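Undergrad: Okay, here's the structure, questions in a sec.
The values are calculated or read from the model by the stated rules, or taken from the named source; none is laboratory data. Values in this document were obtained by computation on a predicted structure and should not be read as measured data. Positions of Cβ are generated from backbone atoms using ideal geometry, with glycine treated the same way; all protein chains shown enter the neighbour counts. For the accessible areas, the whole protein counts, side chains as well, though only heavy atoms, and no ligand, DNA or RNA atoms are used. Shrake-Rupley method; radii C 1.70, N 1.55, O 1.52, S 1.80 Å.
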Amino acid sequence: MVYKIRRHVLTRWLARRGAPTAPASATPFALTTSWRWLLILFTVAGFFESVFWGQLLAFTPLYLPLVGVAPGEVPLWLGRIAVFGGLLGVPFVPFWGALADRYGYKPLIVRAYVALLIGAGLTLIAASPWLVVLGRGATGFALGSTGLMMAALAERTPAHRMGLAFAIMNGAGPIGAFLGPILGGPVIDAWGIRTLLLLDGLVLLACIAGLLWGYQGNRPTPVTDSIGRMAVESLRHIGQSPRLRTLFPALFLLFTGWMLATTYVPLIVPTYYHGARLGFTVGLVVGGGGLLAMVLAPMLGALGDRYGCWRVLIGAATVTVLLWPLPALMPTLVSFGVAWAILNGLTAGVFALSFTVLADAIVPAMRGRIMCFAYLPLLFANILGPGLGALITQQTLFAIFPVAAVLTALGVGAVGWAAVQK
C-alpha cells in the first residue's frame, strides 16, 4: 500500500513537469523514465568519461618519457598518437548507429565505456610508446556513444527544452575535461600517473554499472535491412542533405584550433613554471575553464532556445576568434592561465551548443544513426590539430594561438554557410 501511494505521488509530480511517465505495469522505478533523470544520468556518465579524456590528453606529454620517449621527441609522439590512435575506430562509426537501430541504444552506449576501460588498461601497462598508441586506438571504439545518448534524450525531452538539455549534457564534457587535470594533478604528484590510470579504470567500471542499472533502453523498431545496408544508408543521408554535408566539415574547422591548443598548452606551462608541483600546475591551467564552462554552456543553451541556436552559436564562436590571440600575449603564468580559462570556457559553451544545431538538421527517423557521427568532427579536429601542431611548434609553442584563430574564423564562416542550407 505504501509503495502504491509513493508511486502515485511520483507519477503526478512527473506529469506536472511534462515528463513522460511509465504505465502502472512498468518497472517500479518510474523515475528512470523521466527525461530529467536521463539527462542527469547521461550528464554524469559523460562528465566522468571526459574527466578520463582530459587527464589522458593533459598528462600524456608527462607520461611518454616514462615509456622511453626522449624529451625532444614528445611533440612528435603526441602527433603520432593523435593520428594513428584516433583513426582506428573511425571506420566502425556507421555500424554503431545501425546496430543501435536494430538492438537499441543501451548496449551500444555501454559498449563505449567498455572500450574506454580497455584503453585505460592498455595505457596503464604500457612499456613502450606504441602500446600507448594502441591504448588510444582502443578508445576510438567508444565513438558514437554520446550521439546515441543525445538521440535517446531527444526522444523524451520537450522541444522547448531541447537546447538547454543538450547544452547541459554536452557542457559536462568540456567541464570534465577541464576538471580532470585539476583532480589528477595532485594524484600524479603524490603517487604517479599509473595510479591515476588505475583510478580512472575504477570510475569507468562504476559508469558501466550505472548505465546498466539506471537506463531503461528504448525498444528498437523492427528492421529488415542488413547492418551493412543501414550503415551505407546513414552515409548516403548525410551526403544528400545540403545542410548536413556542410555542417560536419564546418564543425571540424570550428574545433580544430581548439584541439590544437588543448594538446600543446601542457607543454607551454613549463616555460612559465619551474617548481616541483608541475602535475598540479598543468592540471590547474588546463582545467581553468571548467568553472566558466559550467555557467556558459547552460546559458548559451537557454539563449539558443529563446533566440535561435544557430544565431547564438555563430555569435559566440565569433567572439572566440577575437580571443584566440590573447594567451600568446600574456607575460606571466597567472595571466596566461586566466586568458586560457576564459577562451576555453567560452569555446566549451560553443561546443555544447553545436550539437543542438546538428540534431535540428536531422530528420527524427534517422537521428539515432546520424548522431553517432556527432563527435567525428571533434575526432578529426583532434587528429589534424595535434598533427599540425607538431609542425608549427618547431620554432615556438605560442604559434598555436594565431593558427587557432585562423582555423576558428574559417569554421565560423562555414557554419554560417551551413545555416542557410536547406
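Undergrad: So how do 208-216, 136-144 stack up, highest first, on mean other-Cβ count within 10 Å?
TA: Details: 208-216: 16.1, 136-144: 22.7.
The densest-packed peptide leads the list: 136-144, 208-216.
Undergrad: Accessible area per residue of the range 180-264 at 1.4 Å probe, in Å²? Don't skip to the end; give the middle numbers.
TA: Working: 3970 Å² over 85 residues.
Ligands and nucleic acids excluded, the result is 47 Å² per residue.
Undergrad: Related question: Could you please state how large a percent of the accessible area of the chain is carbon and sulfur, counting protein chains only and using a 1.4 Å probe?
TA: Values: 12490 of 17560 Å².
Carbon and sulfur atoms account for 71 percent of the accessible area of the chain.
Undergrad: Rank by packing, highest mean first: peptides 147-155, 104-112, with packing defined as the count of other Cβ atoms within 10 Å averaged across residues. Could you put the intermediate results ahead of the total?
TA: Details: 147-155: 24.2, 104-112: 20.3.
Final packing ranking: 147-155, 104-112.
Undergrad: With charges set only on the Cβ (+1 for Lys and Arg, -1 for Asp and Glu), what does the dipole of the chain come to about its Cα centre, in debye to the nearest 20? Kindly include the intermediate steps, with their values, before the conclusion.
TA: On the way: 26 positive and 10 negative charges, 296 e Å.
That gives the chain a dipole magnitude of about 1420 debye.
Undergrad: Using a Gaussian network model of the chain with C-alpha springs under 10 Å, which one of Leu38, Leu379, Leu329 is most mobile by mean-square fluctuation?
TA: It is Leu329.
Undergrad: Work through the residues other than Ala115 whose Cβ is under 12 Å from its Cβ and net out their charges, Lys, Arg +1 and Asp, Glu -1.
TA: Values: positive: Arg111, Arg136; negative: Glu49.
Here the charged neighbours net out to +1.
Undergrad: A follow-up question, please. May I have the pair-distance distribution P(r) for the range 132-236, computed from all Cα-Cα distances with 10 Å bins from 0 and rounded to whole percent?
TA: All Cα pairs considered, the percentages come to 10, 29, 34, 20, 7, 1.
Undergrad: Please give the net charge around Val93, taking every other residue with its beta carbon less than 13 angstrom from that of Val93, where Lys and Arg add +1 and Asp and Glu add -1.
TA: Computed value for this residue: +2.
Undergrad: Hey, can you find the accessible area per residue of the range 298-374 for me, probe 1.4 Å, expressed in square angstrom?
TA: Result: 37 Å² of accessible area for each residue.
Undergrad: Using Cα springs under 10 Å in a Gaussian network model of the chain, which residue among Gly345, Gly54, Gly68 shows the largest mean-square fluctuation?
TA: Among Gly345, Gly54, Gly68, the largest GNM mean-square fluctuation belongs to Gly68.
Undergrad: Still on this structure, I have one more. Around Asp305, with a cut-off of 14 angstrom between Cβ atoms, what is the net charge of the other residues, counting Lys and Arg +1 and Asp and Glu -1?
TA: On the way: positive: Arg161, Arg306, Arg311; negative: Asp360.
With Lys, Arg at +1 and Asp, Glu at -1, the neighbours total +2.
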